[in-house]
Amino acid sequence: MAKLTIPEIKSKKEKITMLTAYDYPIAQIVEKAGIDILLVGDSLGTTVLGYESTIPVTMNEMIHHSKAVRRGAPDTFLIGDMPFLSYQISTEDAVRNAGRFIKEAGCDAVKVEGAHKEQIKAILKAGIPVLGHAGLTPQTATILGGLKVQGRDLSSAETIYKDSILLEEIGCFAIILECVPHQLTKIIAQKLTIPVIGIGAGSSCDGQVLVTPDILGLVSCFKPKFIKQYLNLNSQIEDALNKFKDDVHKDKFPAEEHSFKMKEDTLQSLKEKLKENNNGQ
Ligand code: KIV
């Protein structure tokens, strides 16, 4: 499948599939499965690096993982997620760090959380496509009252609506709407001409994005309501590791088929040589 272009994504107002990846093997599988868009999310922090939130994630960590994902999925549209404080301080920072995703990691676009008008405009002016992100923005979860549904009350629904329109107006090619009531999503998706990709935002979106370790059941601790878990990899991996341990303890591994063989005459020669050497000492 050919990599989507920005004009193709902008006009795809239906059924966009998007998943996160943080490493080479998962990126390879995502590409093989024909998923439209790959995101190296800053969820890297909680799903792979063991941080308590996305806040500690650094640009260098994001670049390191984005490079691996690009190597695994050379033909999939790839977005790098701008981590906390990589764009908030200045437009210069925003452009420099967005540029790193493109130049060093081979990403096709970046994602910015929140309606940071000046920073997003500066990144776009540098020629880098931007995916917007409204609703629940985990990097500012403390201000929003935690990782919880946004837009349930009038004032927060209005803010999310206005932010979404602003993100389209300043030139984002699509937006992510995270954790908002499905009725609000419907209003926004009907209003915007660019695609609205939802996570916990209901079925009226133009596409869906999920965190891959969540749908594979790899991370056992946190399971929000909006996740559909397709596998229970965590327990499948634990079973496999226990079987390996048992096999070693019970001398069932390695079996003959896992071992390498030396030719019988080479073995005999080796034994004789060692014997001679030992006798000579
Ligand atoms: O970091 C992330 O994984 C995200 C989600 C929207 C999927 O931002």
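Any read-out appearing in this document is the output of simple, stated calculations on the displayed coordinates, not a laboratory observation. Treat the numbers as computed from the prediction; the structure is a model and nothing was measured. Heads up, the Cβs are rebuilt from the backbone with ideal geometry, glycines too, and the neighbour counts pull from every protein chain shown.
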In region 178-269, the chymotrypsin sites (Phe, Trp or Tyr not before Pro) that fall in loop regions by DSSP, at most 15 other Cβ within 10 Å: F222, Y230, F260
For the chain, the longest site-free run once trypsin sites (Lys or Arg not before Pro) in DSSP loop states with at most 14 other Cβ atoms within 10 Å are removed: 16-147
Links that overshoot a 22 Å alpha carbon limit, given the list K3/K32; K32/K243; K10/K162; K125/K148: K32/K243; K125/K148
Three-way shape call for region 93-248 based on the alpha-carbon gyration tensor, with the a/c threshold at 1.5: oblate
Karplus-derived HN-Hα couplings along region 169-185 (A = 6.51, B = -1.76, C = 1.60, θ = phi - 60°), whole Hz, x at Gly and Pro: 4, 7, x, 4, 7, 6, 10, 9, 10, 10, 6, 10, x, 5, 5, 5, 4
Residue-by-residue Karplus 3J(HN,Hα) for region 191-197, coefficients 6.51, -1.76, 1.60, Hz, glycine and proline x: 6, 7, 8, 7, x, 10, 9
I176 long-range amide H proximity, modeled H, under 5 Å: G132, H133, A134, I197
Fraction of the pair-distance distribution of the chain above 32 Å, Cα-Cα pairs, percent: 33
Lysines whose Cα lies under 20 Å from that of K263, excluding same-chain neighbours fewer than 8 positions away: K271, K273, K275
Calculated P(r) of region 196-236 - Cα pairs past 13 Å, %: 52
Region 157-194-region 35-65 distance, computed between alpha-carbon centres (Å): 24
Shape call, region 236-280: gyration tensor on alpha carbons, a/c limit 1.5: prolate
Phi-based couplings in Hz for region 14-27 (Karplus 6.51, -1.76, 1.60; Gly and Pro marked x): 7, 6, 6, 10, 9, 9, 8, 8, 10, 8, 5, x, 5, 4
Amide H partners (placed H, <5 Å) of F253, local residues excluded: V248
